[in-house]
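Following: one structure in structure tokens, then a few remarks.
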Amino acid sequence: MESAGFLTALGTTCKRYGPGRLPRADRRDVGAGYALASAATGATLLFAAVSWGMHGIGSPVGSDWEFLGTMSLLALPLVVPTSFAAAVLVWRALPADVPHFGAVAGLLSTVGTYLLALGALFAFYAAVVVLEGRFDQILEAVGFVALIGFVAVATTCWLTIPVGIVSGVVHERVTR
């Protein structure tokens, strides 16, 4: 099977040159965190490159591609640690006997990354609202984070979901 050969080659490359020498990378859950954080970094950088490319060619598809590319890079410091945390949590919580564990865990980690990142963003925004004593703006904070979440998912899921699934599958193959 051709895709199996590709995944094996990708797994070998990841094992040889990936984050395998980082602390506790030999643990299945922490290794998954490193793998998915690496994948999230790559997906974010790829999305930024595609966005700026679309802007550069003057894409007729209605989006502010330059803005999306810039925002993706600004989100990188939030996306990487939340993807690590989401993967560690999923790999610890998901029963090992789930069929197609790597793919399911990769998908759940991707969804978890969106949720954790938006939760962290909301916590920051809510803290600012509370510290400034502007309690009337808490609903605005909810709406703001929901809008960011909608735009983030709508513009990136075509890339992040497949990358998350493949990363989960590759990590499972490498750790066997």
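The values are calculated or read from the model by the stated rules, or taken from the named source; none is laboratory data. The structure presented is a predicted model; accordingly, all values stated were derived computationally and were not measured. We place every Cβ from the backbone using ideal geometry, glycine too, and count neighbours over all the protein chains shown. With ligands, DNA and RNA removed, areas are computed over all heavy atoms of the protein, side chains included. Shrake-Rupley method; radii C 1.70, N 1.55, O 1.52, S 1.80 Å.
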Report, largest value first, the span of the C-alpha coordinates of region 90-142 along each principal axis, in whole Å. 49, 16, 11
Give the accessible area for Ser63 in Å² (nearest 10); use a 1.4 Å probe, count only protein heavy atoms, and leave out ligands, DNA and RNA. 60 Å²
For region 25-176, what is one quarter of the convex hull surface built on the Cα atoms, given in nm²? 10.4 nm²
Take the alpha-carbon centre of region 31-96, take the same for region 137-155, and report the distance between them in whole Å. 17 Å
What distance in nm separates the simple spin-label points at Phe150 and Glu132, each placed 7 Å from Cα in the Cβ direction? 2.2 nm
Could you put Arg28, Arg176 in order of accessible surface area, largest first, with the 1.4 Å probe and the full protein assembly present? Arg176, Arg28
Ranking request for peptides 139-145, 167-173: highest mean number of other beta-carbon atoms within 10 Å first, then the rest in descending order. 167-173, 139-145
Can you tell me the FRET efficiency between Val61 and Asp29 if r is taken as the Cβ-Cβ distance and R0 is 45 Å, rounded to the nearest 0.05? 0.70
